[in-house]
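The values are calculated or read from the model by the stated rules, or taken from the named source; none is laboratory data. Every value quoted in this text rests on a predicted model; they were computed, and no experiment measured them. Cβ sites come from the backbone with ideal geometry, for glycine too, and all protein chains shown count toward neighbours. When the accessible area is computed, the model is the full protein with side chains, heavy atoms only, and any ligands, DNA or RNA have been set aside. Shrake-Rupley method; radii C 1.70, N 1.55, O 1.52, S 1.80 Å.
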Amino acid sequence: MGILQTVKMTPKKPIVFDLGGVLIDWNPAYLYRSIFSSEKEVTWFLENVCTSEWNEKQDAGRPFAEAVDELVARFPAHEEAIRAWVHRWDETMGGAKEETVRVLRSLHSSGHYRLYALTNWSAETFPWALKRFDFLQWFDGIVVSGTEKTLKPNPDFYQILFDRYAIDPRQAVFIDDNLKNIEAARRLGMTSIHFTEAIELPDELSKLGIEIRGSESK
């Protein structure tokens, strides 16, 4: 009678990516440079009218219609520019950050990792990103703040990811360009990489024992 051998499989390591600023180049200034005549005007508008704080509320689930109407009532002279945020939203996108996408491709192709995205993004505009960026299909799961009605750096948003995909945060690696999000992830036990330049990411992953194939990372 033969001897049955049990092969212990090593669980695939979860790697969690932010999207905007890491894999996707998003900047509302791209749109407003085509609306205003000077960089000074663009900066003023984004610091005083369509601010990052205002946009975060849409990332947390507030409908754009409500957000725009509220802002137009406060800044009626800028109604056209405010409404452009929604009607011309695709112009805020600069495209994929190709060097980071190559890293993601290598991780995906290896088959050794579980890949996830945790993103602060409006539920209304995220479907557009899904249609445009094929690499979003490489993820085993994506958690979108606008859908969940909470966002980074709130601990409950990370917990949704952990619970939904059975992720032990102590075994996961998290990559984000926002230091507040990195600090929150570390408090939850995640090994985290503060993303600054794509060219540095393979080395940062290598320090954690995650090797990127040379042909993919160049």
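Would you tally the residues in region 85-116 being within 16 Å of Leu31 (Cα to Cα), open to solvent by 60 Å² or more (accessible area, probe 1.4 Å) and not charged (D, E, K, R)? Walk me through how you get there before you give the answer.
Restricting attention to region 85-116, the residues satisfying the condition of being within 16 Å of Leu31 (Cα to Cα) are 85-95.
Then keep just the ones that are open to solvent by 60 Å² or more (accessible area, probe 1.4 Å); that gives 87-88, 90-91.
Then drop every residue that is not not charged (D, E, K, R), which leaves 87.
The number of residues fulfilling the criteria is 1.
For residues that are surrounded by 13 or more Cβ atoms within 10 Å (Cβ to Cβ), of a type outside the set (Val, Ile, Thr) and not in a helix (DSSP H, G or I), scanning just region 33-58, find the one that is farthest from the chain's Cα centre (by Cα).
Among those that are surrounded by 13 or more Cβ atoms within 10 Å (Cβ to Cβ), of a type outside the set (Val, Ile, Thr) and not in a helix (DSSP H, G or I), it is Phe36.
Output the residues belonging to region 147-178 that are touching a strand residue (DSSP E or B) at 6+ places or on another chain (Cβ under 6 Å) and farther than 23 Å from Pro127 by Cβ. Don't jump to the end; show me each part of the working.
We begin by selecting, within region 147-178, every residue touching a strand residue (DSSP E or B) at 6+ places or on another chain (Cβ under 6 Å); these are 160-161, 165, 167, 172-175.
Matches in region 147-178: Ile167, Ala172, Val173, Phe174, Ile175.
Condition check: within 30 Å of Ile212 (Cα to Cα) and either among the polar types (S, T, N, Q) or open to solvent by less than 10 Å² (accessible area, probe 1.4 Å) (or both). Does Val16 satisfy that?
Answer is yes for this residue.
Against the definition (at pLDDT below 95 and open to solvent by 40 Å² or more (accessible area, probe 1.4 Å)), how does Asp134 come out, yes or no?
Spelling it out, it is not the case that Asp134 is at pLDDT below 95 and open to solvent by 40 Å² or more (accessible area, probe 1.4 Å).
Just wondering, is there one or more residues in region 75-84 that are open to solvent by 40 Å² or more (accessible area, probe 1.4 Å), basic (Lys, Arg), in a helix (DSSP H, G or I) and more than 21 Å from Lys149 (Cβ to Cβ)?
yes
Just the residues that are buried (at least 22 other Cβ atoms within 10 Å of the Cβ) and in a loop (DSSP other than H, G, I, E, B), please, taken from region 153-187.
Within region 153-187, just Ala172 meets the criteria.
Starting from region 178-207, take each residue that is touching a residue at least 60 places away in the same chain (Cβ under 8 Å) and list its partners that are open to solvent by less than 70 Å² (accessible area, probe 1.4 Å) and acidic (Asp, Glu), counting only C-beta distances under 6 angstrom and pairs at least six apart or across chains.
Cβ pairs passing all conditions: Phe195/Asp177.
Among residues belonging to region 188-206 that are among the small types (Gly, Ala, Ser) and outside any strand (DSSP E or B), point out the one that is nearest to Ile24 (Cα to Cα).
Residue satisfying both the conditions and the ranking: Ala198.
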